[in-house]
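Asker: Structure incoming, see below.
Laboratory data are not the source of any read-out in this text; all were calculated from the coordinates shown. Keep in mind that this is a model prediction, so the values were computed, not measured. Glycine gets a Cβ as well: all are built from the backbone with ideal geometry, and neighbour counts include every protein chain shown.
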Amino acid sequence: MKEVDPDTKALFERGLAVRKRVLGEAYVEESLQNADAFSWPLQEFLTAHAWGASWARGTLPLKLRSMLNLAMLTALNRPAELKLHVRGALRTGVTKEEISEIFLQAGVYCGAPAALESFRIAKEVFDEEV
């Protein structure tokens, strides 16, 4: 792992623990190890701020944060991130039935194409997990 900015080291460490819990240790370690001089600042920023300053806050449980992410990533049409976060949602205790309901709800507000794509991606993840 590259050097972490001392000003954000505590947030980074807190975020790293949550990021590994949600996304899986192997995925996170690979992301950090593959970061080069160009991409390391983004890895550091996301780990410290998205994970350390947001996900690690105790107000919302990780399961609920995962559910929110699935809805937002559906709305934003971010299939690669959605696939990653479907896996994460399963790790935080979101059930397949709950994922289905999230995508149905998103379909009402984001449109059928968004819901169809999200269901397709989730099915792909479910098939890989078996």
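Asker: Where does each of Arg91, Arg65 land when they are ranked from fewest to most other beta-carbon atoms within 10 angstrom?
Answerer: Ascending Cβ contact count within 10 Å gives the list Arg91, Arg65.
Asker: While we're on this one: Given Pro61, Phe45, Leu76, which one lies farthest toward the positive end of the charge dipole of region 8-79, if we put +1 on the Cβ of every Lys and Arg and -1 on the Cβ of every Asp and Glu?
Answerer: Comparing the listed Cα positions along the dipole, Pro61 ranks first.
Asker: Only Lys, Arg, Asp and Glu count, each charged at its Cβ (+1, +1, -1, -1), so figure out the dipole size of the chain about its Cα centre, rounded to 20 debye.
Answerer: About 380 debye.
Asker: Here's a follow-up. How far is it, in nm, from the label point at Arg120 to the one at Leu68 when both lie 7 Å from their Cα along the line to the Cβ?
Answerer: 2.9 nm
Asker: Still on this model: Per residue and in cubic angstrom, what volume does the convex hull of the Cα atoms of region 62-129 have?
Answerer: Cα convex hull per residue, to the nearest whole number: 65 Å³.
Asker: Which of Val22, Val94, Val86 moves the most in a Gaussian network model of the chain with Cα springs under 10 Å?
Answerer: Highest fluctuation among the options: Val94.
Asker: Determine the relative contact order of the chain: mean sequence separation of Cα pairs under 8 Å and six or more apart, normalised by residue count, in whole percent.
Answerer: 24 percent
Asker: Would you mind ranking Leu42, Leu70, Leu90, Leu64 so that the residue whose beta carbon has the fewest other beta carbons within 10 Å leads the list?
Answerer: Leu42, Leu64, Leu90, Leu70
Asker: Using the Karplus curve 6.51 cos²θ - 1.76 cosθ + 1.60 with θ = phi - 60°, work out ³J(HN,Hα) for each residue of region 35-40 in order, rounded to whole Hz, and write x for Gly and Pro.
Answerer: For region 35-40, the Karplus curve yields 5, 10, 4, 6, 8, 4 Hz.
Asker: Below 14 angstrom from the Cβ of Glu25, what's the summed charge of the other residues (Lys, Arg +1; Asp, Glu -1)?
Answerer: Once all neighbours under 14 Å are counted, the net charge is +3.
Asker: Going by C-beta contacts inside 10 Å, put Lys123, Lys63 in order with the fewest on the left.
Answerer: Fewest-to-most ranking of Lys123, Lys63: Lys123, Lys63.
Asker: Would you calculate the separation in nanometres between label points at Trp40 and Leu104, each defined as 7 Å from the Cα along the Cα-to-beta-carbon direction?
Answerer: The two pseudo-label positions are separated by 4.8 nm.
Asker: Let me ask something else. Which of rounded, prolate or oblate describes the chain when judged by the alpha-carbon gyration tensor and an a/c cut-off of 1.5?
Answerer: Note, shape of the chain comes out prolate.
Asker: What are the semi-axes of the equivalent ellipsoid for region 1-73, taken as the square roots of 5 times the Cα gyration tensor eigenvalues, largest first, in whole Å?
Answerer: Square roots of five times the eigenvalues give 21, 14, 10 Å.
Asker: Okay, next question. Hey, what angle do you get for helix 112-129 against the long axis of the chain, alpha-carbon based, 0 to 90 degrees rounded to 10?
Answerer: 70 degrees
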